[in-house]
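Novice: My questions will all concern the structure given below.
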Amino acid sequence: MSFLTQIVSSLWMFQTESIVPLFKEFSLLLLIIFGIALPIPFIIDQIHKSKFRIVIGFALYPILLLMLSGLTYYFSAFFGLDSLSLSLDNIIELLSKTWWCLFLFWPVVLLRIPLKLITKGKSEGENKIVPVLFSPLYEEFAFRFLAINTIYLITNSLIFSIIISAMAFSIIHLLNKSGDHWGGPISINGTLVMGFAWGIIALKFGLVFALIAHFINNLFAILIVPKITKS
């Protein structure tokens, strides 16, 4: 199967063999998973204030990636995921099949352009509509639905689908700004944690709950945290 054929066939298959459901169930575990990610906006806000934020961000990323991947693997049975062997040969083989997925979903960033044009000239509060409301919609569709389904149909591994989709989701935030400085190196760490948490939520409880969690997080990070940290 050629490289292009592999991508096209995978994108077609996810439409008929969706792994991520729209809605499954609600339980206390859902609140626990979301609760773990809730303090992240506060932590990210504090690290952004450090003059060593870029070094901290890039140094922390591989550590978090290994830790979260290990935890996802260790608790895979608890979350109802597949039992994937995480040997070096296995990881290299899967990466060789899915490396393009890290870039395939980058075009989702381009959706911000028409959305920003809509709010151009609006007040500061109205400009926050894009990151608070619309960003969760197209990012969840791209990374929790499209990415996880596509990667699963290539690798047949839910664990690896969560890992790769979380990495892709975090990487698109590398260009983020925080005030008047580059905030991407810190943002990718927060979004990596959220990518893992929301990936598990989407698989175990449904895409609706991942979308709600994303919406609440953005609302909290953009409207509430700045007011609390300024006071």
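We did not get these values from a lab; they are worked out from the coordinates using the rules stated. This is a predicted model, so every value here is computed, not measured. Cβ placement follows ideal geometry from the backbone for every residue including glycine, while neighbour counts extend to all protein chains displayed.
Novice: How do the peptides 49-61, 209-221 rank, highest first, by the average count of neighbouring beta carbon atoms within 10 Å per residue? Walk me through the numbers on the way to the answer.
Specialist: Working: 49-61: 14.3, 209-221: 20.2.
Listed from highest to lowest mean packing, they are 209-221, 49-61.
Novice: Hey, can you rank 69-80, 146-157 by average C-beta count inside 10 Å, highest first?
Specialist: Values: 69-80: 13.8, 146-157: 22.1.
Descending packing order for the listed peptides: 146-157, 69-80.
Novice: Pop out the ³J(HN,Hα) list for the range 140-145 in order, Karplus 6.51 cos²θ - 1.76 cosθ + 1.60 with θ = phi - 60°, rounded to Hz; leave Gly and Pro as x.
Specialist: With the stated coefficients, the range 140-145 comes to 5, 5, 6, 9, 8, 8 Hz.
Novice: Right, next: Multiply the residue separation of W100 and A77 by 0.36 nm, subtract the distance between their alpha-carbon atoms, and state the gained length in nm to one decimal.
Specialist: On the way: separation 23, 0.36 × 23 = 8.28 nm, distance 2.80 nm.
That works out to 5.5 nm of additional length.
Novice: Based on the Cβ-Cβ distance from E93 to S50, what FRET efficiency comes out when R0 is 30 Å, to the nearest 0.05? Walk me through the numbers before you get to the answer.
Specialist: On the way: r = 39 Å, r/R0 = 1.29.
After rounding to 0.05, the efficiency reads 0.20.
Novice: Can you give the net charge of the other residues whose Cβ lies under 15 Å from the Cβ of F79, counting K and R as +1 and D and E as -1?
Specialist: Details: positive: K24, R144, K204; negative: E25, D82.
Combined, the nearby Lys, Arg, Asp and Glu give +1.
Novice: Right, another one. Assuming 0.36 nm per residue, please report the length gained on full extension of the stretch L60 to Y138 beyond their Cα-Cα distance.
Specialist: Details: separation 78, 0.36 × 78 = 28.08 nm, distance 2.71 nm.
Once the chain is fully extended between L60 and Y138, it gains 25.4 nm.
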